[in-house]
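Visitor: This is the structure I have questions about; it appears just below.
No lab work stands behind these numbers, since they all come straight from the coordinates. Quantities reported herein were computed from a predicted structural model and do not represent experimental measurements. Cβ atoms come from the backbone with ideal geometry, glycine included; neighbour counts cover every protein chain shown.
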Amino acid sequence: MENTNTIQFPNDQAEWFLAFGEQFRGPFKAEEVYQKLQAGEVAWIDYVYREKEGQWIRLADHPVFTKSKPPKLKPAVAAPPPPPKKVEEETKWFLFQNDAQTGPYPTSELKRLIGAGQVGASAYVWQEGFADWKPFGEVDALKENDTNPAAQAVPPAQKNQRAAPRKPLVAQTYITNHSQVVTGICRDISVGGMQVLTDQIPGTVGTSIRLNVTPPQDTGLKPFVAEGVIVRVLEDHRGFSFRFTQISEEAKQAIESYIA
């Protein structure tokens, strides 16, 4: 059952990226991803990305890999009935607030954060199946916390203050803090900034840096240069969030079009 040579994949191109929470690795060949599954380095609930699809998809839901899922064996003796499924735990949410994206969270955890007042009124949420980010106060599945003032719908006067929604983007990035040059991979982008994964953080929060971004051709985005500041270092120190302070109008319009 563990022989990976019996699995035939469509091609051997290194086009797959794997996300491990905040970590981001790749590209890998499909066979390499499958070998990592067999070795236990990744699980079927982890997410995979390639440019032609433009979104993160669970390995267990991706047609390229579902054919390689091992069959369920019939137990030798009758097994006790499984516990009731917690449907809400299967729903994964991403949260965007304070110019930073976090997640995925189970529904129960996100509700806990909302109830504790840790989700601001201008926060956005997204889950698989959403066409775009939504204000969390407008999502029916999260309205059980309406007693929390932060969960109320955002008044019209505050809508212009909302942070711009982000969209996943895999792009090669060169970063300089005027004393060194490091490389990284863009994870997602908005008109206000982007998140970059790299093993070398070019400074602390508040450091001014300059980025040279080379997106894939099929995104419609041309290579561009932007300046700005680091606004957040990821918890595992494998990347950072970056806010634009200088970016060309042409690049900004292209980003808006890509997200739309």
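Visitor: Rounded, prolate or oblate: which fits segment 7-66 when a ≥ b ≥ c are the square roots of the eigenvalues of the alpha-carbon gyration tensor, with rounded for a/c under 1.5 and prolate only if a/b beats b/c?
Guide: Working: a/c = 1.33, a/b = 1.09, b/c = 1.22.
It is rounded, given that a/c, with a ≥ b ≥ c, falls under 1.5.
Visitor: Right, another one. Among the listed pairs 111/134; 67/167; 134/252; 52/167, which are separated by more than 24 Å between their Cα atoms?
Guide: Details: 111/134 16 Å; 67/167 29 Å; 134/252 21 Å; 52/167 15 Å.
Pairs exceeding 24 Å: 67/167.
Visitor: Sticking with this structure for a sec: What FRET efficiency, computed as 1/(1 + (r/R0)^6) with R0 = 45 Å and r the Cβ-Cβ distance, is obtained for residue 248 and residue 199, rounded to the nearest 0.05?
Guide: Details: r = 29 Å, r/R0 = 0.64.
Once rounded, the FRET efficiency stands at 0.95.
Visitor: Kirkwood Rh, Cα Rg: Rg to Rh for segment 167-259?
Guide: On the way: Rg = 12.0 Å, Rh = 12.9 Å.
Using Cα coordinates only, the ratio equals 0.93.
Visitor: To make sure I understand, if each residue's beta carbon is the centre and we count other beta carbons within 10 Å, what order do 255, 7 fall in, fewest to most? Intermediate values should be presented prior to the final figure.
Guide: On the way: 255 26, 7 14.
Arranged by neighbour count, lowest to highest, 255, 7 become 7, 255.
Visitor: How would segment 96-136 be classified by its alpha-carbon gyration tensor: rounded, prolate or oblate, with rounded meaning a/c under 1.5 and the a/b versus b/c comparison settling the rest?
Guide: Details: a/c = 1.78, a/b = 1.23, b/c = 1.45.
Oblate shape, in that a/c is at least 1.5 and b/c is the bigger or equal ratio.
Visitor: Can you run phi through the Karplus equation (6.51, -1.76, 1.60; θ = phi - 60°) for segment 28-43 and list ³J(HN,Hα) in whole Hz, with x for Gly and Pro?
Guide: Those phi angles translate into 10, 7, 4, 5, 5, 4, 5, 5, 5, 4, 5, 7, x, 6, 10, 10 Hz.
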